[in-house]
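In what follows, a structure is listed as C-alpha cells, so that the remarks can point back to it.
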Amino acid sequence: MTSKGELKELDFKHLIDQMTNLRQDRDRLRLLRQAVEETSVTCAQVKAFINTQAYSGAKVEAAVVSYPHISDKDKFDSVIIANFSFKEEKDEVKQKLKL
C-alpha cells in the first residue's frame, strides 16, 4: 500500500480480493483497519469495503473505521450512507461518528 497517499487502484483491487477471500467479517475488519491506517481512501473505495462484509454490524464498523481516512468526505452521505439499506444502520453510522 502507498504511504500517506491515496490508495492506488492496483492496491485497492488487491485489498478487495484479500478481504473477499477471508471467511469472517472480523478478519476482514482487521485487514481493513490495517490498510486504512497507511493511506487515504475515497468514498467509492469505502463502499466496496463495506460490501465485502456479510453482516450489518460489520458493515457499520467498516464505515466507522474508514471515515477518518476518507479524502472526499463531502460525498459520505451520497455514497456511503446511501449504500445502507436500513435506516437503523444509517443512524448507527452517524451516531458512532457523531455526525
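The values are calculated or read from the model by the stated rules, or taken from the named source; none is laboratory data. In this text the structure is predicted, and so the values were computed from the model without any measurement. Please note: Cβ atoms are built from the backbone with ideal geometry, for glycine as well, and neighbour counts cover all protein chains shown.
Being touching a strand residue (DSSP E or B) at 6+ places or on another chain (Cβ under 7 Å) and either assigned to a strand (DSSP E or B) or of a type in the set (K, R) (or both) is the filter here; which residues of region 4-32 pass it?
E6
I'd like the residue in region 38-66 that is out of contact with any Leu (no Cβ under 6 Å at 6 or more places or on another chain) and more than 22 Å from S85 (Cβ to Cβ) and, out of all such residues, is modelled with the lowest pLDDT.
E38
Which of (1) under 14 Å from the mean Cα position of the chain (by Cα); (2) without any contact (Cβ under 8 Å) to a residue 24 or more places away in the chain; (3) in a loop (DSSP other than H, G, I, E, B) does Q53 not meet, given it meets every other one?
Failing condition for Q53: (2).
For region 16-47, how many residues are buried (at least 19 other Cβ atoms within 10 Å of the Cβ), over 13 Å from H69 (Cβ atoms) and among the hydrophobic types (A, V, I, L, M, F, W, C)?
Residues in region 16-47 being buried (at least 19 other Cβ atoms within 10 Å of the Cβ), over 13 Å from H69 (Cβ atoms) and among the hydrophobic types (A, V, I, L, M, F, W, C): 2 in total.
Can you say whether A35 is modelled with pLDDT under 95 and either outside any helix (DSSP H, G or I) or within 20 Å of E6 (Cβ to Cβ) (or both), as far as the supplied structure shows?
Taking the combined requirement at face value, the residue satisfies it.
Are any residues in region 1-39 in contact with a helix residue (DSSP H, G or I) (Cβ under 7 Å, 6 or more places away or on another chain), farther than 19 Å from E61 by Cβ and not hydrophobic (A, V, I, L, M, F, W, C), and if so, which ones?
The one that is in contact with a helix residue (DSSP H, G or I) (Cβ under 7 Å, 6 or more places away or on another chain), farther than 19 Å from E61 by Cβ and not hydrophobic (A, V, I, L, M, F, W, C): T2.
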